[in-house]
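Peer 1: The structure is given below, and queries will be raised subsequently.
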Amino acid sequence: MPNESAGTLTYQQKTSSRIPAGTLYRGHSGMWSWVLHRITGVAIFFFLLVHVLDTSLVRLSPEAYNDVIGTYQTPIMGLGEVALVGAIVFHAFNGIRIILMDFWNANYSKLMFWIVVALWVITMLGFAPRHLMNVFSH
Amino acid sequence: MSTTIEAPRSPYSRPPRTRGGVSWEKWGWIYMRASGVVLIVLIFGHLFVNLMIGDGVDALDFAFVGGKLSNPFWQVWDVLMLWLALIHGGNGMRTIVNDYTTRPMTARILKAAILAAVVVLIVLGTLVVFTFDPCPAGSPADLLPSFCPAS
Ligand code: HEM
Ligand code: HEM
């Protein structure tokens, strides 16, 4: 039947939306892991730009460096650091998942996504309380 | 009349994209994965030493950095992390620019900006690590690492 090979087309005609529906990735864990990987990657990149600049203050004077690193130790920045570490940990674990999909087996991508989420929760449970105790216990 | 018509449904193929005989996109793809694996170790180690051990962020100051960066082990660690992360991040940003820009001029300006930022920061960061003086003369002794003659 010619209709069968044009399955996607007839599917599209049924919806009034201009956005193609029912693609492989849309709305599923595959899409969210990709969106999150992209957003976290950009966020880490911009952090790193600033971070190399703040570290370079050690070359200027001890006072200048201590002033700036002091701002890393305030409660607000402490919360920001939890977010930053959360972003890195997700990007790192999901990066491993991407690598395993490419070189090993893509059939487990969904299962591996939930393993990434679980490992993220465990890592953050180990990190966040200790970090927040350091930050809020002046 | 010897026009050949390709068999229907024959797989679409095109020659591999190379510049100067090198498949840059392929090597970029491989680099993202290889650097990612190494970066996990470097960055998790960095975060563990700087945020988890002892008083975590509260312990960070000039003396702490002086102690770390006078050790060749941490010098190499930091410089590797600097190069790998900036090139990985810069190449990732390039992919994103390719995805979202519609005008070639916009793409070129953004990619030039990314390249400039990456090159400047790699040079700056490398110089900082290797020209760093943990005991600058004339600084208050209580801000310096304990091994400095002044403190
Ligand atoms: C809140 C989290 C972070 C804190 C408190 C922090 C702190 C520091 C400190 C104190 C230094 C000085 C040298 C040393 O300790 O080795 C440093 C250097 C460095 N950090 Fe971080 N860091 C953080 C996150 C990150 C992340 C996520 C990355 C990678 C994406 C990173 C990459 C670097 C690099 C490349 C250097 C060397 C800079 C240079 O060559 O001048 N850091 N960081
Ligand atoms: C912690 C270890 C890391 C691992 C395992 C990792 C892994 C990966 C992988 C596998 C990709 C996909 C590449 C592709 O699709 O061809 C990727 C993309 C990317 N990474 Fe990382 N990465 C890490 C750290 C970083 C850091 C430190 C930065 C920022 C400086 C960064 C920024 C990016 C960006 C911007 C992308 C592009 C995202 C996209 O195209 O959607 N990553 N990473």
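Please treat every number below as a calculation from the coordinates, not as lab data. Every value quoted in this text rests on a predicted model; they were computed, and no experiment measured them. Note that each Cβ is placed from the backbone with ideal geometry, even for glycine, and that neighbours are counted across all protein chains shown.
Peer 1: For the range B:122-139, name all the residues that are part of a loop (DSSP other than H, G, I, E, B) and surrounded by fewer than 11 Cβ atoms within 10 Å (Cβ to Cβ). So that I can check it myself, show each step before the final result.
Peer 2: Step one: list which residues in the range B:122-139 are part of a loop (DSSP other than H, G, I, E, B), which gives B:132-139.
Residues satisfying the conditions are B:A137, B:G138.
Peer 1: Further, regarding this structure: A:A43 passes all but one of (1) of a type in the set (G, A, S); (2) under 27 Å from B:F130 (Cα atoms); (3) more than 9 Å from chain B (Cβ to nearest Cβ); which number fails?
Peer 2: A:A43 satisfies all of (1) of a type in the set (G, A, S); (2) under 27 Å from B:F130 (Cα atoms); (3) more than 9 Å from chain B (Cβ to nearest Cβ) except (2).
Peer 1: Would you tally the residues in the range A:38-83 being closer than 23 Å to B:D55 by Cα, away from ligand 2 (no atom under 14 Å from the Cβ) and hydrophobic (A, V, I, L, M, F, W, C)?
Peer 2: Residues meeting the conditions: 10.
Peer 1: Among the residues of the range A:29-76, which ones are among the polar types (S, T, N, Q) and under 17 Å from B:V57 (Cα atoms)? Explain how you work it out, then say what you get.
Peer 2: Taking the range A:29-76 and keeping what is among the polar types (S, T, N, Q), we get A:29, A:33, A:40, A:55-56, A:61, A:66, A:71, A:73-74.
Selection gives A:T55, A:N66, A:T71, A:Q73, A:T74.
Peer 1: Among the residues that make up the range B:112-120, is at least one of them under 30 Å from A:V135 (Cβ atoms) and surrounded by 14 or more Cβ atoms within 10 Å (Cβ to Cβ)? Steps first, please.
Peer 2: First, the residues of the range B:112-120 that are under 30 Å from A:V135 (Cβ atoms): B:117.
Now narrow it down to the ones that are surrounded by 14 or more Cβ atoms within 10 Å (Cβ to Cβ): B:117.
Yes, the conditions are met somewhere in the range B:112-120.
Peer 1: With respect to A:F127, determine if the residue is under 23 Å from B:M32 (Cα atoms) and either part of a helix (DSSP H, G or I) or in contact with a Phe, Trp or Tyr (Cβ under 7 Å, 6 or more places away or on another chain) (or both).
Peer 2: Working: under 23 Å from B:M32 (Cα atoms): no; either part of a helix (DSSP H, G or I) or in contact with a Phe, Trp or Tyr (Cβ under 7 Å, 6 or more places away or on another chain) (or both): yes.
No: the conditions fail for A:F127.
Peer 1: Among the residues of the range B:65-77, what is the count of those that are in contact (Cβ under 8 Å) with a residue 40 or more places away in the chain and surrounded by fewer than 20 Cβ atoms within 10 Å (Cβ to Cβ)?
Peer 2: Matching residues across the range B:65-77 total 3.
Peer 1: Look through the range B:81-97, keep the residues that are at the interface with chain A (Cβ under 8 Å from one of its Cβ atoms) and within 8 Å of the chain's Cα centre (by Cα), and return whichever of them is nearest to ligand 2 (Cβ to nearest atom). Even if it seems obvious, please write down each step before you answer.
Peer 2: At the first step, the residues of the range B:81-97 found to be at the interface with chain A (Cβ under 8 Å from one of its Cβ atoms) are B:82, B:85-86, B:89-90, B:92-93, B:96.
After this cut, where a residue has to be within 8 Å of the chain's Cα centre (by Cα) as well, the list is B:82, B:85-86, B:89-90.
Numbers: B:L82: 10, B:A85: 4, B:L86: 7, B:G89: 3, B:G90: 8 Å.
Only one residue tops the list, namely B:G89.
Peer 1: Do we find that B:D55 is more than 10 Å from ligand 1 (Cβ to nearest atom), within 8 Å of another protein chain (Cβ to nearest Cβ) and out of contact with any strand residue (DSSP E or B) (no Cβ under 6 Å at 6 or more places or on another chain) in this structure? Steps first, answer last, please.
Peer 2: On the way: more than 10 Å from ligand 1 (Cβ to nearest atom): yes; within 8 Å of another protein chain (Cβ to nearest Cβ): yes; out of contact with any strand residue (DSSP E or B) (no Cβ under 6 Å at 6 or more places or on another chain): yes.
So B:D55 passes the test.
Peer 1: Can you tell which of A:F113, A:F136, A:F103 is within 13 Å of ligand 2 (Cβ to nearest atom) and among the aromatic types (F, W, Y)? Let's see the steps before the verdict.
Peer 2: On the way: A:F113 fails: within 13 Å of ligand 2 (Cβ to nearest atom); A:F136 fails: within 13 Å of ligand 2 (Cβ to nearest atom).
One residue alone meets the criteria, A:F103.
Peer 1: Return the total of residues in the range B:13-48 being without any contact (Cβ under 8 Å) to a residue 24 or more places away in the chain, of a type in the set (A, V, I, L, M) and surrounded by 15 or more Cβ atoms within 10 Å (Cβ to Cβ).
Peer 2: 2
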